[in-house]
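A.B. asks: After the structure tokens below, expect a handful of questions from me.
All of the numbers you see were taken from the coordinates with simple rules; none came from a lab. Predicted model, so just to flag it, every value in this text is computed and none were measured. Note: ideal-geometry Cβ built from the backbone for every residue, glycine included; neighbour counts use all protein chains shown.
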Amino acid sequence: MKAIIICKTLTQRVIRVMLISALFAFQVNSAFSQTQEPSLTSVNNPGTDAHEYNCVFPPEWNADFPVTTSPHLIFIEKGAALTINGIHTNTCDYVGCFYEDNNGNLKCGAADFLIQGEAIVFPVYGDDPDTPEKDGFSYGETIHFCLFSWPCAGGKTIDVESVTFDTINYPTTNKWYPLGFSSITSMTAFTDIDCQIAVSDPIKENINLTFKKGWNTFTYQGNEQDTENFLSLLAKRMIAIKEVKGVGIIWPEKGISTINNFIRGKGYMINVDEACEISF
């Protein structure tokens, strides 16, 4: 009965990842796969096209992970409280799992992007024994979690201070084990870097953004709308807007306007001549 309830709450994206991961583990352990060599592949966001949300993988993280046998699955529950400075993470922020390499340095071993209101699950693989370097997790190794937020100073890695797990229904927590399954209910992170994270309340109709004087970064969370409608909310207090990842820019003083629409989940930087708040 528990499994049925879980499946009903997961999106097609999550179910697809779980099936792919389970099938892969079975195939590698089967007699038919004994001659196959594990290969390097980018497993961030399996089963979902990140371009649908304009998500960009953190440039600070390595994106190639060894696909070995019997992965450990990380499940972030729908409605899990993932916060930076007390504010919920944004769509297209990333969560990463880091292991220690041969030199004791933390290295990204798995990652996936977040979508507000959705559960996610992704595989975390162990060290590949056929390579000389340590390129994955060892048995029982601690999983170090990090968040990456594009709205924080244009994209920064932030260490997770605390993580809570559903230990009643699932056996493992922050230790890597083959075929382990860890269910995360909350993550808390803090940073002193400049973050402008949009706060949205699904119960309310309006979404509010507060900008300080000067440059701010934010992730647009409203419905897609054209530039003219968005700029009308700023009442000429805007000096310039540019895409965090992209070449689009609006700079009225120079007569430049190459952003046609503001897209939900995409990051932007805005320069205003005074502190202001807009609601849409």
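A.B. asks: What's the exposure ranking of Ile270, Ile241, going from fewest to most Cβ atoms within 10 Å?
C.D. replies: Ile270, Ile241
A.B. asks: What residues have an amide H closer than 5 Å to that of Ala119, excluding those fewer than 5 places away on the same chain, when H is modeled at 1.01 Å from N in the peptide plane?
C.D. replies: It is Thr11, Lys78, by chain and number.
A.B. asks: Give, as a single signed number, the net charge of other residues whose beta carbon lies under 9 Å from the beta carbon of Ser149, with Lys and Arg counted +1 and Asp and Glu -1.
C.D. replies: After counting each charged neighbour, the total is 0.
A.B. asks: Counting other C-beta atoms within 10 Å, which of Tyr125, Tyr177 has the fewest, and how do the rest follow?
C.D. replies: Tyr177, Tyr125
A.B. asks: From the phi of every residue in region 126-140, what ³J(HN,Hα) in whole Hz does the Karplus formula 6.51 cos²θ - 1.76 cosθ + 1.60 yield, where θ is phi - 60° and glycine or proline is x?
C.D. replies: x, 4, 7, x, 8, 10, x, 8, 7, 10, x, 7, 8, 4, x
A.B. asks: Give the order of Ser186, Ser279 when sorted by the count of other beta carbons within 10 angstrom, beginning with the fewest.
C.D. replies: In increasing order of surrounding Cβ atoms, one gets Ser279, Ser186.
A.B. asks: Amide H of Ala240: which non-local residues (sequence gap of 5 or more, or other chain) have their own amide H closer than 5 Å, using H built in the peptide plane?
C.D. replies: It is Asn271, by chain and number.
A.B. asks: Spin-label point model (7 Å from Cα, Cβ direction): what's the Ser162 to Asn229 distance in nm?
C.D. replies: Placing both labels 7 Å along Cα→Cβ, they lie 4.1 nm apart.
A.B. asks: Given H placed 1.01 Å from N in the peptide plane, which residues other than close sequence neighbours of Gly109 have an amide H under 5 Å from its amide H?
C.D. replies: Long-range HN contacts for Gly109: Cys97, Phe98, Tyr99.
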